[in-house]
Amino acid sequence: MRHDAIINYGNLVPESLRLELRRLVNVEYDNVMNDILAYIIMKGPVTLYRVSRETPYSISSIYKKAKYMVKNNLILARESSDRLNGKRVYEVTVKGLLTCLAYKCLDDDIVLSRLKARWNLRNYDNGKLITILTILPHIVRGESLRIIENIDTLMITALSTLINNSSISGKLIDESTVTSIKNTSIYYLVNNILSNSSNVKRPDIILGNNSFLVGYYRNSKMLYVYICRLCEKNCVLTYTTCDEHCPLINELNRDISNLVK
């Protein structure tokens with residue numbers, strides 16, 4: 001489905017995008033899940049006992065539905081502090097937030113705010129965030145849905161997809177939205193991944209083209225692969241040694257040879 005240009009975002013996710021997000025998250029959704037998800041987004045992390053006390057559902061119904069939601073990565077459980085005597089508390093995942101947007105379990109503005117906090121995009125307006133959401137159905141498939149939990153991986157994948165897949169621009173998504181996604185992705189990469197503000201120590205040199213983006217550490221002779229699509233591994237955000245059997249090393253050798261000619 002092609003997305004029309006989004007001129008005025010306000011606090012509303014376009015219905016065409018909402019439908020695509022439903023297909024993307026691919027979960028069985030009902031009123032119980034809707035209310036649990038909304039409550040955990042607003043109040044989480046919380047215990048399921050508290051959810052049952054403040055929603056019109058029995059504890060057994062809450063536990064049954066929460067089990068399904070954990071299995072489908074909409075919420076996750078973690079050990080609580082001693083104050084709660086070791087009871088588990090539950091919090092929403094990025095997929096859970098996208099599910100809430102897809103089914104409008106809360107006002108869009110609230111969910112987008114939570115999503116910006118989770119992705120560390122607090123300084124981004126809702127418009128930029130929604131443009132990023134429009135690319136998700138085109139870059140996320142099946143098991144790769146896990147990349148939405150890591151904004152670094154998501155931004156790199158979005159930019160790489162738009163650079164390498166010309167069919168998206170103008171056919172699946174209008175050109176102005178594609179340009180906006182590219183600009184937002186590049187801005188994020190420059191200000192977060194390729195700078196010292198990243199959790200990754202800044203490399204001595206950064207090299208890349210349409211197929212890869214890597215950083216090289218001279219002292220350790222290690223490479224940090226931001227993204228590489230030169231083989232079926234599709235490496236993202238990982239360290240690797242300079243293995244001569246790796247297609248990336250051969251590509252880098254050719255590029256460096258051309259530079260010094």
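The values are calculated or read from the model by the stated rules, or taken from the named source; none is laboratory data. Just so it is clear, the structure is predicted and the values come from calculations on it, not from any experiment. Virtual Cβ from ideal backbone geometry, glycine too; neighbours counted across all protein chains shown. Surface accessibility is based on the protein's heavy atoms, side chains included, excluding ligands, DNA and RNA. Shrake-Rupley method; radii C 1.70, N 1.55, O 1.52, S 1.80 Å.
A few remarks follow.
- Every residue from the range 187-204 that is open to solvent by less than 80 Å² (accessible area, probe 1.4 Å) and modelled with pLDDT of 60 or more: 188, 189, 191, 192, 193, 203
- Selection within the range 35-70 - more than 19 Å from residue 103 (Cβ to Cβ) and not charged (D, E, K, R): 45, 46, 47, 48, 49, 52, 58, 59, 60, 63
- Restricting attention to the range 162-181 and to residues that are modelled with pLDDT of 80 or more and closer than 17 Å to residue 137 by Cβ, the residue that is surrounded by the fewest Cβ atoms within 10 Å (Cβ to Cβ) turns out to be 174.
- The lone exception for residue 67 - which of (1) part of a helix (DSSP H, G or I); (2) under 30 Å from residue 191 (Cα atoms); (3) open to solvent by 90 Å² or more (accessible area, probe 1.4 Å) it fails: (2)
- The range 127-156, residues that are charged (D, E, K, R), within 12 Å of the chain's Cα centre (by Cα) and surrounded by fewer than 20 Cβ atoms within 10 Å (Cβ to Cβ): 146, 149
- The C-beta contact set for the range 142-155 (first residue in the same structural domain as residue 92 (by the TED database), second residue among the hydrophobic types (A, V, I, L, M, F, W, C) and modelled with pLDDT of 85 or more, distance under 6 angstrom, 6+ apart or interchain) is empty.
- Pair list, Cβ < 8 Å and 6+ apart or interchain, from the range 108-132 residues that are farther than 14 Å from residue 42 by Cβ to residues that are among the aromatic types (Phe, Trp, Tyr) and open to solvent by 70 Å² or more (accessible area, probe 1.4 Å): none
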